Amino acid sequence: MSNNKVEFISVVVPVYNEEGCLEELIRRSLAALEKTERRYELILIDDGSRDRSPEIMTAASEANPDKVISCFLNRNYGQHSAIMAGFSLVRGDLIITIDADLQNPPEEFGRLVEAAEQGNDVVGTIRQNRKDSILRTLPSKVVNKAAQAATGVKMHDYGCMLRAYRRHVVEAMKQCHERSTFIPVLGNSFARNTCEIPVGHSERAAGESKYSFWKLINLQFNLLTCMTTFPLRILTYFGILSGLAGFLLSLYIIIRRFVMENGDAWGAFGVFTLFAVLFIFVGIQMFGIGLIGEYIGRIYTDVRARPAFFIDRVLGRKDQ
């Protein structure tokens with residue numbers, strides 16, 4: 001038997017106010033897992049939902065003991081922390097993650113298993129014909145480029161949560177204790193072999209996206225700063241360019257003052273020019289202070305070493 005053979009599949013699904021599509025997700029996921037003809041478990045992580053999602057999860061676990069596992073966090077921690085909570089419960093040798101909104105079809109599970117059995121530690125996916133707005137697709141392109149630079153692994157769609165990880169990759173991720181975690185990038189940093197496969201993409205089955213415009217901006221900024229120090233390097237480049245621009249502007253002002261007639265009167269005797277230069281440098285300084293503060297804040301958060309999540313209870317396990 002090949003060492004790459006998958007015997008047990010664990011599917012981890014973060015759930016936050018998804019009552020409109022959760023029952024269909026469970027039904028389709030179980031059907032897709034049955035078709036793989038392997039042992040499996042579907043782990044649903046309730047991330048502090050305030051709708052009927054916990055009741056639906058409880059009923060599914062009672063109806064499918066040891067196949068549908070329901071994990072309830074004590075409050076909302078965010079998508080990636082919820083997935084890490086699910087990783088703490090998995091028993092499979094291949095772990096698949098998927099969002100609960102059904103934009104990525106569970107029917108793709110079998111193809112992820114096949115790709116993993118070809119010797120890949122991480123199987124990523126590329127969403128075909130994305131149904132998202134430009135407010136979602138444009139930031140995704142930025143994060144994809146940053147993630148490629150940070151990991152050296154040129155995957156094209158880090159934003160798609162439908163992915164598969166070998167057990168040893170998940171075990172390595174569980175040993176990382178930083179609070180700001182971007183799981184696709186973290187997983188790739190421990191993988192020897194990776195690949196990507198195209199998958200379908202649909203409109204949300206029900207409900208609305210949990211990310212507003214400002215939450216998307218905050219998310220993209222968090223992702224960039226949690227996986228690379230490149231923004232700090234950009235700040236250095238800004239400083240160099242600003243210094244060069246200031247020197248050239250000063251040279252231009254001196255030339256105009258002594259060459260042009262009424263040089264002193266030009267630009268209100270230099271007052272407006274002074275203000276323009278001042279505003280440029282103050283803006284760069286404020287940007288730099290804010291960026292450095294963001295990194296210091298992350299250091300402060302990680303040094304406190306508070307748990308990234310707290311599991312309230314787990315239902316559906318026969319051995320619990």
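No value in this document is a laboratory result; all are computed from the given coordinates. Only a predicted model underlies this, so the values are computations on that prediction, with no experimental measurement involved. Counting neighbours? That spans all protein chains shown, and the Cβs are built from the backbone with ideal geometry, glycine included.
The simple Förster model, with R0 at 30 Å and r as the Cβ-Cβ distance, assigns residue 107 and residue 74 a FRET efficiency of 0.35. Sparse packing (at most 15 other Cβ atoms within 10 Å of the Cβ) combined with a DSSP loop state is found for the following GluC sites (Glu not before Pro) in region 1-36: 7. Taking label positions 7 Å along the Cα-Cβ direction at both residue 193 and residue 178, the computed distance is 2.8 nm, reported to one decimal. Taking label positions 7 Å along the Cα-Cβ direction at both residue 285 and residue 202, the computed distance is 5.6 nm, reported to one decimal.
Here the spin labels are modelled as points 7 Å beyond Cα on the Cα-Cβ line, and at residue 318 and residue 171 they lie 2.5 nm apart. Each residue of region 73-89 was assigned a 3J(HN,Hα) from its phi angle through the Karplus curve 6.51 cos²θ - 1.76 cosθ + 1.60 (θ = phi - 60°); the sequence is 7, 6, 6, 7, 10, x, 4, 6, 5, 4, 5, 4, 4, x, 4, 5, 10 Hz, with glycine and proline shown as x.
Can you pull out the trypsin sites (Lys or Arg not before Pro) in region 38-126 that DSSP calls coil and that have at most 11 other Cβ atoms within 10 Å? Answer in residue order: 50, 75. What shape does region 3-73 have by the C-alpha gyration tensor, where a ≥ b ≥ c are the square roots of the eigenvalues, rounded means a/c under 1.5, and otherwise prolate means a/b greater than b/c and oblate the rest? Judged from the Cα gyration tensor, region 3-73 comes out prolate (a/c at least 1.5, a/b above b/c). Straight distance only, please: which aspartates and glutamates reach the Cα of residue 318 with their own Cα at less than 16 Å, same-chain residues fewer than 8 apart left out? By straight Cα distance, residue 318 reaches 41, 62, 66.
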